[in-house]
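*Asks:* Below: one structure in structure tokens.
Coordinate-derived values only; no laboratory data. Since this is a predicted model, take the numbers as computed values, not measurements. Cβ: placed from backbone, ideal geometry, glycine included. Neighbour counts: every protein chain shown.
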Amino acid sequence: MVIKIYKALWLIVSLMAAGIYFSGLMSEMMLVVFGFLLFGMIFMGMIGVLPLTISHPVEVKSSEKVEDSAQAPSVSHAHLA
């Protein structure tokens, strides 16, 4: 969901930049404004996908492994006699 919104924002900003450029209003000051905007967009994208990138799914153990690990290990007292 976050990635879809992020892509939609990139499309909107790109269309705005194209509209300003083709209307002849793209000045040096407007380039600076778009530079700041694009820097914020890139940073927002990194923050948006970071939780998806660093999270790992929890491995589910099979019921056999859980039962085996739940049993106490048997201790042999033969060496004590």
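*Asks:* For segment 6-25, which residues satisfy the criterion of being touching a helix residue (DSSP H, G or I) at 6+ places or on another chain (Cβ under 8 Å) and without any contact (Cβ under 8 Å) to a residue 24 or more places away in the chain?
*Replies:* First, the residues of segment 6-25 that are touching a helix residue (DSSP H, G or I) at 6+ places or on another chain (Cβ under 8 Å): 6, 9-10, 13, 17, 20.
If the condition is that a residue be touching a helix residue (DSSP H, G or I) at 6+ places or on another chain (Cβ under 8 Å) and without any contact (Cβ under 8 Å) to a residue 24 or more places away in the chain, then ALA17, ILE20 are the ones that fit.
*Asks:* Limited to segment 7-52, what total is found for residues that are in a loop (DSSP other than H, G, I, E, B) and surrounded by 10 or more Cβ atoms within 10 Å (Cβ to Cβ)? Before the answer, list the steps.
*Replies:* In the first step, residues of segment 7-52 are kept if they are in a loop (DSSP other than H, G, I, E, B); the result is 23-27.
Filter once more, so that each one left must be surrounded by 10 or more Cβ atoms within 10 Å (Cβ to Cβ): 26-27.
Total satisfying the criteria: 2.
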